[in-house]
């Protein structure tokens, strides 16, 4: 009998019943408000189980590893005798799960000096395992203890030029990658690294983590602003630089630097998002752009449980050494629990644990009230089953998240004496958003909601207080699977959707579910699925565990056969508004056209080898016809990924045909009375020529109000106040929470995403036109409009404050108190330092004052002696 | 009764209707947010002088004119004054001499 056969026999027969009993008992300890059990449970034969566990631990199959982890954890947490606990800890060591051993020590589940109690052989083995699973941080000379995946990552990242690493959500990827990045920056010749993350939320999280790891007065700069200053300094031998960007921000910086852009190391986090509709191809373009400007670019892709991480290496240069590091090993036990109502008893819910196809009951959950609708089901079950906290509830829409949080807050036990940090967060929500913003009163009860369009300062504080346990319930939306590193103890979910109502794909569901279980903080994580057999909620049932298939957006579109060639044919002479499939094809079409303009044929591009030569030839033919109409150079298309060269050309022709004073084509300064209307006309021009980005037309006035206020440096609170005033003045009714959410959404999606993308393309072509007609005098070389919009700044002072690393919310609240609008960073620093002891009396929220002190004043005071090791 | 001829600066029209049509065409030539050209501004200065509230509209003096949004998604001429203030005016009122309510 081979090892695998033995392990399979153990799972299917040998210790099947014991593992089931252990599982049921362990799960019951995780869930609150279960009805007491009456039946006696037979005692667990730990010696037998642990012996089986040590065999299962040697198998490479995930389910065997899971069972071994379950046995080891059970022994440590549930057994009553020290030898059994010790054996559990040894088994955890065999699984290289040193963090779980550390947690057991922290919880005082193990007596001290475990190794002293082990026999000589076991002690040697344990020490050898620890040595085997340590990596040397060269820059500091310290050893870092790692698990198997982390070790393979570390070794491979050092040896290879292109690496693609994939591991489940809670396996310590981000922590390790950041450690490796810093070590690499310190010990290698690397001057500039770029860390790409798909969302601004993740960008600010990574930036904060890096700053913390580097410590104060570090010799490496971290920045998320696409400004050339720090880049130039790093290239000229100043402080090395890590830039943390979304793909769009990387393009902004590359546009400013032009031909000079040279990055040594690129890390692409959440790399599976190269498959996202519309933004996937922008990411692909960003990677290729850096690769073109540096043949020796080192690239590291990171993705959560993916099926085919090696796919990302397909376009590596032939000479590059490549490797894929893949892990599917569980680090924390995850219990998938389904909740079904007891027939005719709406307050009682049967909970069962599901493992693959098998299911076993774990108990009956008792609710305080009958849940009448879907929102109440989620809220009541979450409040009951996850009463002890660390509980995350998934809501399909931001509005639902607010409603569910409100219901939970009515059910949970009152917190005695309100916490200072919660009071400060409530204060920030009131002052930073609106006095009646629902979050403020909820957080005082230890409940919060969370969605992508929230200001980052508030969102990050919500995450921090959820991690620390002060916020016990967090209701979130799909922002969490779009890339925020947040784990929890228990997730409660019913009929999850992603985006506009599509049922969640299994790999997205498991990316979400993977957040249950905080490795190093908890031994288990729980995923509670409500109404598993309700086909409205779960059209395809509760998804079975699955991993992401990586597929580039461009490849997916090209695989549609003639779809792309057909689109390009129609694109030539159909008005944009009449193309029904513009959303599906335009971005990739723009990428293909840009590639064609650069290479003269897409058959030369590296992606061509993956596709049918006939498809490529047909597309090439259509591209040739389009390229004939295009006079702008390929450089323009390269600078504006996702914006078609055809659109850029059409805009140029519109400028050439413009008969009135060309000054009317320039956006008017935001202080000017023409500014608002000028933007209205410009957005219409963009809709007509570049892409129907600002739709419907009737909402353009609203979009422009947001854009102008944003550029003027209005705070979010001021924008919401202005929106309320507008509604009142015009006698229009509104629902406050909705109006608040809508304002946030317009800031994020219009002012910070669409407007910079299309307005910077507009300005680029306008400048080309001005050069053609000899009106260079009209070209303003100040900060480009794309960067102004991304950050919501139009004055030197506000930009200086943000360059210092402050969030916009903090920068704006300081700017409201600063009289001059042209202060440099040094002058801002002086202004802040002079008022250090006055901030507390300025009616600025405490969290903002804290950010100022942490990011500005502390760094300022830091001396080289305080550099952390 | 034949219609009376009507003048705006150097421009002479057979009747008021033609003058309004001319100003309408001028207005529609512009997009919202545009500055009115120097040439057209001369006509608008003459027109504004005939506005029943002309003195008030002109205020500190005319710097230039813009076309901007009016109520209900329409557009109209705005006078930008030398003191930085701005106000819209109805070009029909400059011709017919009365301010229509609304």
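Per-residue answers, yes or no, for (1) outside the structural domain of residue A:573 (by TED's automatic domain parsing); (2) in contact with a strand residue (DSSP E or B) (Cβ under 8 Å, 6 or more places away or on another chain):
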residue: A:612; (1), (2): no, no
residue: A:641; (1), (2): no, no
residue: A:665; (1), (2): yes, no
residue: A:673; (1), (2): yes, yes
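Only one entry of A:758, A:691 meets the criterion of being surrounded by 15 or more Cβ atoms within 10 Å (Cβ to Cβ) and modelled with pLDDT under 95, and that entry is A:691.
Taking the range A:67-133 and the helices (runs of 4 or more DSSP H) fully enclosed by it, the elements with 1 or more residues that are crowded, with 18+ Cβ neighbours inside 10 Å and in contact with a strand residue (DSSP E or B) (Cβ under 6 Å, 6 or more places away or on another chain) are at A:98-106. Within the range A:664-685, does at least one residue satisfy the condition of being assigned to a loop (DSSP other than H, G, I, E, B) and within 30 Å of the chain's Cα centre (by Cα)? Looking through the range A:664-685, none of the residues is assigned to a loop (DSSP other than H, G, I, E, B) and within 30 Å of the chain's Cα centre (by Cα).
Here is a yes/no grid of residues against (1) in contact with a helix residue (DSSP H, G or I) (Cβ under 7 Å, 6 or more places away or on another chain); (2) away from chain A (no Cβ under 14 Å); (3) outside any strand (DSSP E or B):
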site: B:12; (1), (2), (3): no, yes, no
site: B:19; (1), (2), (3): yes, yes, yes
site: B:22; (1), (2), (3): no, yes, yes
site: B:28; (1), (2), (3): no, no, yes
site: B:39; (1), (2), (3): no, no, yes
site: B:46; (1), (2), (3): no, yes, yes
site: B:64; (1), (2), (3): yes, no, no
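Results for (1) farther than 30 Å from residue A:697 by Cα; (2) more than 14 Å from the chain's Cα centre (by Cα); (3) surrounded by fewer than 18 Cβ atoms within 10 Å (Cβ to Cβ), shown as yes or no for each residue.
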{"residue": "B:23", "(1), (2), (3)": "no, no, no"}
{"residue": "B:43", "(1), (2), (3)": "yes, no, no"}
{"residue": "B:50", "(1), (2), (3)": "yes, no, yes"}
{"residue": "B:84", "(1), (2), (3)": "yes, yes, yes"}
{"residue": "B:98", "(1), (2), (3)": "yes, no, yes"}
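Test each condition in (1) touching a residue at least 12 places away in the same chain (Cβ under 8 Å); (2) surrounded by fewer than 20 Cβ atoms within 10 Å (Cβ to Cβ); (3) within 26 Å of the chain's Cα centre (by Cα) for residue A:464 and report the one that comes out false. With respect to (1) touching a residue at least 12 places away in the same chain (Cβ under 8 Å); (2) surrounded by fewer than 20 Cβ atoms within 10 Å (Cβ to Cβ); (3) within 26 Å of the chain's Cα centre (by Cα), residue A:464 is out only on (1). Checking A:625, A:693 one by one, the residue that is more than 10 Å from chain B (Cβ to nearest Cβ), touching a helix residue (DSSP H, G or I) at 6+ places or on another chain (Cβ under 9 Å), more than 30 Å from residue A:819 (Cβ to Cβ) and not in a helix (DSSP H, G or I) is A:693 and no other.
The helices (runs of 4 or more DSSP H) found wholly in the range A:779-852 and carrying at least 1 residues that are surrounded by 16 or more Cβ atoms within 10 Å (Cβ to Cβ) and without any contact (Cβ under 8 Å) to a residue 12 or more places away in the chain occupy A:846-852.
Before we move on, is residue A:424 at pLDDT 95 or above, under 22 Å from residue A:494 (Cβ atoms) and outside any strand (DSSP E or B)? Considered against the rule, which asks whether it is at pLDDT 95 or above, under 22 Å from residue A:494 (Cβ atoms) and outside any strand (DSSP E or B), residue A:424 comes out as no.
Among the residues making up the range B:77-102, those that are in contact with a helix residue (DSSP H, G or I) (Cβ under 7 Å, 6 or more places away or on another chain) and touching a residue at least 40 places away in the same chain (Cβ under 8 Å) are B:77, B:89, B:91, B:92, B:94, B:95, B:96, B:99. For the range A:558-585, residues that are touching a residue at least 40 places away in the same chain (Cβ under 8 Å) and within 19 Å of residue A:619 (Cα to Cα) total 13. Scan the range B:66-78 residue by residue and report those that are within 11 Å of chain A (Cβ to nearest Cβ) and buried (at least 18 other Cβ atoms within 10 Å of the Cβ). Within the range B:66-78, B:66, B:67, B:68, B:69, B:75, B:78 meet the criteria.
Based on what the data block shows, is residue B:8 away from chain A (no Cβ under 11 Å), out of contact with any strand residue (DSSP E or B) (no Cβ under 7 Å at 6 or more places or on another chain) and surrounded by 16 or more Cβ atoms within 10 Å (Cβ to Cβ)? Judged against the criteria, residue B:8 is a match.
Scan the range A:22-50 for residues that are in a helix (DSSP H, G or I) and either surrounded by 17 or more Cβ atoms within 10 Å (Cβ to Cβ) or not assigned by TED's automatic domain parsing to the domain that holds residue A:80 (or both) and the total you get is 9.
None of A:554, A:546 is in a helix (DSSP H, G or I) and either out of contact with any strand residue (DSSP E or B) (no Cβ under 6 Å at 6 or more places or on another chain) or within 23 Å of residue A:30 (Cα to Cα) (or both) except A:554. Taking the conditions exactly as written (within 10 Å of the chain's Cα centre (by Cα), away from every other protein chain (no Cβ under 14 Å) and surrounded by 15 or more Cβ atoms within 10 Å (Cβ to Cβ)), does residue B:58 satisfy them or not? Against the criterion (within 10 Å of the chain's Cα centre (by Cα), away from every other protein chain (no Cβ under 14 Å) and surrounded by 15 or more Cβ atoms within 10 Å (Cβ to Cβ)), residue B:58 does not qualify. State yes or no: is residue A:725 in a helix (DSSP H, G or I) and at the interface with chain B (Cβ under 10 Å from one of its Cβ atoms)? In short, no. Residues in the range A:642-662 that are outside any helix (DSSP H, G or I) and either touching a residue at least 60 places away in the same chain (Cβ under 8 Å) or more than 7 Å from every other protein chain (Cβ to nearest Cβ) (or both): A:642, A:643, A:644, A:658, A:659.
Looking at A:393, A:362, just one residue is under 23 Å from the mean Cα position of the chain (by Cα) and buried (at least 19 other Cβ atoms within 10 Å of the Cβ), and that residue is A:393. Please determine, by comparing only the residues of the range A:494-526 that are within 20 Å of the chain's Cα centre (by Cα) and either under 19 Å from residue A:32 (Cα atoms) or not assigned by TED's automatic domain parsing to the domain that holds residue A:391 (or both), which one is modelled with the lowest pLDDT. Going through the qualifying residues, I end up with A:518. For residue A:479, the requirement of being free of Cβ contacts under 8 Å to residues at least 12 places away in the same chain, on the phi < 0 side of the Ramachandran plot and not in a strand (DSSP E or B) is not met. As a summary of the residue check, residue A:657 satisfies the conditions (1) over 29 Å from residue A:250 (Cα atoms); (2) in contact with a helix residue (DSSP H, G or I) (Cβ under 9 Å, 6 or more places away or on another chain) except for the one numbered (2). Any idea which residue in the range A:663-682 is farthest from the other protein chains (Cβ to nearest Cβ), counting only those that are crowded, with 16+ Cβ neighbours inside 10 Å and in contact (Cβ under 8 Å) with a residue 40 or more places away in the chain? Filtering the range A:663-682 for residues that are crowded, with 16+ Cβ neighbours inside 10 Å and in contact (Cβ under 8 Å) with a residue 40 or more places away in the chain, the one farthest from the other protein chains (Cβ to nearest Cβ) comes out as A:670.
When residue A:263 is tested against (1) in contact with a helix residue (DSSP H, G or I) (Cβ under 6 Å, 6 or more places away or on another chain); (2) at pLDDT below 95; (3) within 21 Å of residue A:161 (Cα to Cα); (4) surrounded by 21 or more Cβ atoms within 10 Å (Cβ to Cβ), only condition (2) is not met.
The values are calculated or read from the model by the stated rules, or taken from the named source; none is laboratory data. None of the values given here were measured: they were computed from a predicted structure. As a convention, Cβ positions derive from the backbone with ideal geometry for all residues, glycine included, and neighbour counts pool all protein chains shown.
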